[in-house]
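Working notes for the structure below.
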Amino acid sequence: MKTITLWQPWASLLALGYKTVETRSWPTNHRGPLAIHAAGRPCDPHIFYQYPFQRVFLLPEVGIAHPSELPLGAVLAIVDLADVKPSKELAPPGGLPRVGWLQLAFGDFTPGRFAWMLKDRRPLEVPIGARGKQGLWDWDPPPGFELPDVQAAPGPSPHSPKPKGMWLYNLEAMQGEQGVEAAMRRYLREQGYDVAGEYRD
């Protein structure tokens with residue numbers, strides 16, 4: 001099975017379903033099942049404790065309080081690679097993004113990169129140890145391995161992270177005659193932010 005190795009915390013974010021777009025510096029012709037493998041390198045605590053990474057991991061339905069709790073050197077999930085697009089199609093420079101704010105926070109949409117569109121997440125109940133490699137590589141599942149069921153995307157939670165200071169989220173439908181700036185301010189107010197973009201608890 002084609003497999004890609006990612007550092008933590010991004011591997012777990014994919015397995016948990018909060019990251020659905022993987023950005024790479026290179027495209028691939030592969031489509032279909034793709035195993036998500038967490039590298040053996042420990043997660044950088046400075047990244048784990050950044051917003052919104054920590055806020056996601058502290059959700060009651062996730063419950064990961066420390067970077068040492070993230071699995072390493074193991075296959076965590078199977079997804080389907082549906083498409084690969086130039087990053088500028090999803091986050092055009094100077095334009096409105098076509099992906100949600102979490103995808104922007106968890107990816108690198110710098111022009112010249114590529115967005116791997118993932119769907120049909122199948123997290124493994126128990127991670128399977130494996131040695132990672134660079135690029136796409138072939139993983140041989142252990143005897144008796146059965147493909148897990150597809151899990152729905154994480155639903156809204158009263159504790160879900162708010163896009164603190166990140167207004168780039170589904171503004172396209174709000175442009176209309178008032179323009180982008182007015183739409184941005186309206187969106188922020190609806191989400192509980194002041195006009196500067198700071199969330200009000």
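Only the coordinates and a few stated rules stand behind these numbers; no lab work does. It should be emphasised that the depicted structure is a prediction, and the values quoted were computed from it without experimental measurement. Here the Cβ is made from the backbone with ideal geometry for all residues, glycine too, and neighbour counts use every protein chain on show.
In a shell of Cβ-Cβ distance under 10 Å around Ile4, excluding Ile4 itself, what net charge do Lys and Arg (+1) and Asp and Glu (-1) give?
Residues near Ile4 contribute +2 overall.
Over segment 1-108, what is the mean sequence separation of C-alpha contacts under 8 Å (at least six apart), divided by residue count, expressed as relative contact order in percent?
35
May I ask which residue of Val79, Leu6, Phe114 lies farthest towards the positive end of the charge dipole of segment 2-138, with charges of +1 (Lys, Arg) and -1 (Asp, Glu) on Cβ and the Cα centre as origin?
Farthest towards the positive pole: Phe114.
If you filter segment 1-104 for GluC sites (Glu not before Pro), then keep DSSP loop positions with at most 16 other Cβ within 10 Å, what is left?
Those satisfying the criteria are Glu61.
Which whole-Hz ³J(HN,Hα) couplings does segment 12-22 yield from phi under the Karplus relation 6.51 cos²θ - 1.76 cosθ + 1.60, θ = phi - 60°, glycine and proline marked x?
Rounded to whole hertz, the list is 5, 4, 5, 5, 7, x, 7, 10, 10, 10, 9.
Which residues in segment 44-67 have a backbone N closer than 11 Å to a point placed 7 Å from the Cα of Glu125 along the Cα-to-Cβ line?
Answer for segment 44-67: none.
Tell me the label-point distance for the pair Ala153, Asp108, using the 7 Å Cα-to-Cβ offset, in nm and rounded to one decimal.
Simple spin-label model gives 2.5 nm for this pair.
What's the local net charge at Lys133, with K and R +1, D and E -1, over the other residues with C-beta under 15 Å away?
Every neighbour counted, the sum reads +2.
Per 0.36 nm of contour for each residue apart, how much would the distance between Trp137 and Asp44 grow if the chain were fully extended, relative to their Cα-Cα spacing?
Extra length available between Trp137 and Asp44 comes to 31.0 nm.
Hey, with R₀ at 41 Å, roughly what FRET efficiency would Glu146 and Lys88 work out to, going by the Cβ-Cβ distance, to 0.05?
0.55
With the cut-off at 19 Å, tell me which of the pairs Lys19/Lys85; Lys19/Lys133; Lys88/Lys133 have Cα atoms farther apart than that.
Cα-Cα > 19 Å for Lys19/Lys133; Lys88/Lys133; rest within.
Averaging sequence separations of C-alpha pairs under 8 Å and six or more residues apart, then dividing by the length of segment 61-127, give the relative contact order as a whole percent.
47
Round to the nearest 0.05 the FRET efficiency obtained for Thr28 and Arg55 when R0 = 25 Å and r is the Cβ-Cβ distance.
FRET efficiency, Thr28 to Arg55: 0.20.
Cβ neighbours within 10 Å, averaged per peptide: list 136-147, 46-57 in order, most packed at the top.
46-57, 136-147
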